[in-house]
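The values are calculated or read from the model by the stated rules, or taken from the named source; none is laboratory data. No experiment lies behind these values; they were computed from the predicted model shown. So basically every Cβ, Gly included, is an ideal-geometry build from the backbone, and we count neighbours across all protein chains shown. All accessible areas refer to the heavy atoms of the entire protein, side chains included, with ligands and DNA or RNA removed. Shrake-Rupley method; radii C 1.70, N 1.55, O 1.52, S 1.80 Å.
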Amino acid sequence: KMINVSADALAAAEANQQRKLQAKRESFGESWEQCLRLAAEIDGDAETAADSGAEVVWRDTEARSLAAVVDAVTKLAGSGVPVQELLQLVPGMTQQQIRGIKTAMRGGSVAALVDKLTASPVREVPAPPDGSVTDGAGGS
């Protein structure tokens, strides 16, 4: 029995099981992709039947600490990977939620704000020599 173990300890304990699951996911995923292309061909949809770009996406069942995931996503975003592509790495995020966030980001408001915040360095505003406080518009 395992009681009160950290996410890292749980992940280490489940490593062997996760390797077996990954092998099954790869095998079953390819099989389902072929099955769906065959169904499209039977249905008379030649375009979909010839499309090998479809991919079966399995839910992540690995135990990870949220802090480790956030750290990894933050580092990737800082190295230039688009935030939209990192959403699938967040545990518990469904395809519908990811699609909704991507749609909102394409709207421009969220993406523009994030780009603006990450592009401009934070500047220190020096205090006036006389100790007065200004509102930045020339008044005090």
Margin query: What are the ³J(HN,Hα) couplings of region 79-90, residue after residue, when phi is run through the Karplus curve with 6.51, -1.76, 1.60 and θ = phi - 60°? Round to Hz, x for glycine and proline.
Written below: 8, x, 6, x, 4, 4, 7, 8, 4, 5, 7, 7
Next item on the list: With N denoting the number of residues in region 8-115, provide Rg(C-alpha) divided by 2.2 N^0.38 Å, to two decimal places.
Entry: 1.37
Notebook entry, point to check: Which value in Å is the Kirkwood Rh of region 1-66 over different Cα pairs?
Noted result: 14.4 Å
Note to self: Let's test the formula: R0 of 22 Å, r as the Cβ-Cβ distance of residue 27 and residue 48. What FRET efficiency results, to the nearest 0.05?
What the structure shows: 0.45
Checklist line | Table column - 3J(HN,Hα) (Hz), region 65-76, Karplus curve with 6.51, -1.76, 1.60, x for Gly and Pro | finding: 7, 4, 4, 5, 5, 4, 4, 5, 5, 4, 5, 5
Margin query: For residue 42, what accessible surface area do you get with a 1.4 Å probe? Give it in Å², rounded to 10.
Written below: 140 Å²
